[in-house]
Structures are given as C-alpha cells and as structure tokens.
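Some notes on the structure that comes next.
The values are calculated or read from the model by the stated rules, or taken from the named source; none is laboratory data. This one's a predicted model, so the numbers in the text were calculated from it and none came from an experiment. Every residue, glycine as well, gets a Cβ built from its backbone with ideal geometry; the counts of neighbours run over all protein chains shown.
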Amino acid sequence: MITQILNPIKDNCACQKAAQLLKQGEVVAIPTETVYGLSANALDPFAVKKIFKAKGRPQDNPLIIHIAHANQMYELAKDIPQSAKELINVFWPAPLTIILKKSDIIPDDVSAGLDSVGIRLPKNEIAREIIQNCGFPLAAPSANTSGKPSPTKAKHVIDDLNGKIAAVVDGGSCCIGVESTVISFIEQKPRLLRPGGITLEQIESVIGNVEIDKAINSKINNNEKVRAPGMKYRHYAPRASVIVVCGRPEKTAEYIKQNAKENSGIICFDEYEHFFKTYEFRKIGSKDNISEQAKNIFEVLRQFDETNVCEIFAQCPSEDGLGLAVSNRLKKASGFNFITV
Ligand code: TXA
Ligand code: MG
C-alpha cells in the first residue's frame, strides 16, 4: 500500500480526501492537539480491525472515540453523570477523554470487550473538520507502532507506519505533545486513569477530588486489576533502557553527571546543557517551561533510537500541572525505573 501524505496548507481538499478514504473503510493518521491519531470509522468493525493490525496493538486495549460536536456523545454513551457533563461543558473541545458506559452501537473491537467507552472532542480544527466531513465518529489511538513513543509530527507517523496505512494528514507539530487526560466515570468516584493535556488541578477545580489510579505512578503486576488496559504495557520506550531521576533540577543534573557512563544518553533541561556536552544529550526545554517539555518529550525519546546509547538518564520534571503527564510518560518509558535524589 502506498501511504499518501495530505497537506491541508497546500491542498484545500486535504480534509475531504482524508474523509473519503475513511468512508471507504481505510485507516488515516490525523493531527490532533495532543499527538497524531490513527483513525478509522468507529462504527465499522472491519475498519477498526485495520487500526489494531497497522499498529500491532494488543486486542485487549480499547480505543478512544473522537467526535466533532459534544452532542454526538449521547449516541455513544449512556447514564452520563452530572460531574462528567460539568467537565465537558467547561473544557471541551480539549485534550480530555471521558470514560462512560457505552451504548449498544459501539463495536466490541473499539471497546475491547469492556462495557465502557472513551470519548473525546479534540480542539484541533483539522481533526474536527475531518470528523465532520465523515459524518461518523472516529476511533483513534496514537499513530505509533505499539510500544513506541507517540508521534507529534507527520514524519514520526511515516517512520512507523509507511506502507501500512492509506494516508497521513500533515498538520505540522502537535501543540501539546502529550496525550489527552483520561478520566473515568464508571465507578462511584471519578478516577484519573492517565494524566494529560488537561491537568489534575484544572479538573479538581471543577468537580472536586478525584481518585488517582495506581497505574499512573507504579508498575502494575500481571495479576492486578487494570482500569485502563493501556497502562499495563511498556510504552513510549526507546530501544535503550531509561533511568528517570526525580528531584530538584540541580540535584538530578549532579546525580546524572556522577553516574553517567561514556555511552549513556542524557535527557536534560536546557539550563544543564553545559554539564553534558561530552555525552549524547537532548534538551527538552527550560526547567521552568513544562509546556515546552511536553512538546519535546516524545520526539527526544524517538531521537535516541538513531544513536548507539545503551542507557538514557532523564531529568524528571516536577509533578505539578502538565508536569504530571510528562513525568508519567518518562516513567512509563523506563518501565518505572526511577529514583529520587
Ligand atoms: O490524546 C489522545 O488521547 C490521543 C489522540 C490521538 O486523541 N489518543 C490516544 O489513544 O492516546 P491511545 O489509544 O494511544 O491511548 C488511550 C488510552 C489507553 O491507555 C487505553 O487503554 C485507555 O486510554 N482507554 C481507552 N478506552 C478506555 C476504556 N473504555 N476504559 C479504560 N481505558 C480506556
Ligand atoms: Mg498510545
């Protein structure tokens, strides 16, 4: 299969062409404000199967459904609690996925056999235009090969999936860079399953305290119950092993400097570049600029696959605001191999 690259800046019809392919049951990678998504008609089980095949995604990992108008949610979910509606009213369109009881029209392939469904109204206008042109909602996981860091540029999608999907819509770099926040309303109390583009602080300012799922901060054993099936897989992982170093930036830089070996790679804040000049290092942004760190983290993890480093030390951001999402992605990339200094 030849993978087309559609560019809405150069071609006015790019979104219509993408929708045309999706209507034919094909799989198309689309930009969103968080990361690129690998989309297909959420109501067509045959199209959805192609997503799993292209990514090599485990069958038990459910997909998020993307919609173009908040009202579409009522066809896809039932028994929607008031607190979920409040969050949606305040934030959507946004990097915020809500897990609700699913309605009967959701194919089992999308929900991976669960009786719930994740729904998101993305902010990215190209994504919404494509969904609107389709007239049906789009199931879309991140458009990477399973296990690899999520793609934040069309190039990353091509690196992973060229020849396996019908098209990529090139919408430039994703402006947030980490995936959506996933919050579940299936149990009595709302539960954060994945930190992301909308922060825990923002959510709690609207609906009060939420439970924090254990899988965010620690490895889940095989016999433990997982609420977000995706959280049990090693994820975002470069080829080299990762060691995440948490603590105040000046301390973590010092620790890494003392422990790095000749062939170690380093992920550091801009301010500590001079510590690591003799190493294979990548900067993720200023220590105080979490949005910049979020934008760069996946690309930096990908870049190490083009080097020969055999272990990567990473300075971990603080866990406030968007930092919780960035540190979660680093910790997952390391298989929760982290230390605090
Ligand atoms: O920002 C995002 O959310 C991106 C863009 C493309 O929208 N999508 C994305 O999808 O990150 P994915 O499939 O890579 O991650 C979705 C996560 C997985 O960990 C999955 O297990 C979880 O959400 N999830 C999806 N549906 C669920 C459900 N019904 N119950 C619990 N967890 C669910
Ligand atoms: Mg993913």
_Given the options S103, S142, S173, name the one that is surrounded by fewer than 18 Cβ atoms within 10 Å (Cβ to Cβ) and closer than 13 Å to V35 by Cβ._
S173
_Enumeration of residues in the stretch 301-315 that are surrounded by fewer than 22 Cβ atoms within 10 Å (Cβ to Cβ) and within 18 Å of the chain's Cα centre (by Cα)_ = Q303
_Report every pair of residues separated by at least 6 positions or lying on different chains whose Cβ atoms are under 6 Å apart, first residue within the stretch 213-235 and under 18 Å from G196 (Cα atoms) and in a helix (DSSP H, G or I), second among the polar types (S, T, N, Q) and near ligand 1 (Cβ under 10 Å from one of its atoms)._
P229/N61; G230/N61
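Select, from Q132, Q188, the only residue that is over 19 Å from the mean Cα position of the chain (by Cα), surrounded by fewer than 18 Cβ atoms within 10 Å (Cβ to Cβ), more than 13 Å from ligand 1 (Cβ to nearest atom) and modelled with pLDDT under 95. Quick ask: steps written out before the conclusion?
Numbers: Q132 fails: modelled with pLDDT under 95.
None of the others qualify; the one that does is Q188.
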_Total residues in the stretch 254-286, condition over 20 Å from E299 (Cα atoms) and not in a loop (DSSP other than H, G, I, E, B)_ = 8
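Would you confirm, using the coordinates I've provided, whether G247 is buried (at least 19 other Cβ atoms within 10 Å of the Cβ) and touching a residue at least 12 places away in the same chain (Cβ under 8 Å)? I'd like the intermediate steps shown before the answer.
Values: buried (at least 19 other Cβ atoms within 10 Å of the Cβ): no; touching a residue at least 12 places away in the same chain (Cβ under 8 Å): yes.
So G247 fails the test.
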*Is there any pair with a first residue in the stretch 295-321 that is over 18 Å from F338 (Cα atoms) and a second that is of a type outside the set (A, V, I, L, M, F, W, C) and assigned to a helix (DSSP H, G or I) whose Cβ atoms are under 7 Å apart and which are 6 or more apart or on different chains, and what are they?*
R302/H156; G321/E201
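I'd like the full set of residues that are outside any loop (DSSP other than H, G, I, E, B) and of a type in the set (A, V, I, L, M, F, W, C), limited to the stretch 153-191.
Passing the criteria: A154, V157, I158, L161, A167, V168, V169, V182, I183.
Can you tell me which residue in the stretch 107-120 is farthest from A47 (Cα to Cα), limited to those that are of a type outside the set (D, E, K, R), more than 8 Å from ligand 1 (Cβ to nearest atom) and surrounded by fewer than 24 Cβ atoms within 10 Å (Cβ to Cβ)?
Here is the first cut: in the stretch 107-120, the ones of a type outside the set (D, E, K, R) are 107, 110-114, 116-119.
With more than 8 Å from ligand 1 (Cβ to nearest atom) added as a condition, the list becomes 107, 110, 113, 119.
Among the residues that remain, those that are also surrounded by fewer than 24 Cβ atoms within 10 Å (Cβ to Cβ) are: 107, 113.
Numbers: P107: 11, G113: 17 Å.
For the stretch 107-120, the residue satisfying everything is G113.
Which residue, of L63, L21, L43, is under 23 Å from K101 (Cβ atoms), in contact (Cβ under 8 Å) with a residue 12 or more places away in the chain and more than 15 Å from ligand 1 (Cβ to nearest atom)? Spell out how you get there, then give the answer.
Values: L63 fails: more than 15 Å from ligand 1 (Cβ to nearest atom); L21 fails: under 23 Å from K101 (Cβ atoms).
Among L63, L21, L43, only L43 is under 23 Å from K101 (Cβ atoms), in contact (Cβ under 8 Å) with a residue 12 or more places away in the chain and more than 15 Å from ligand 1 (Cβ to nearest atom).
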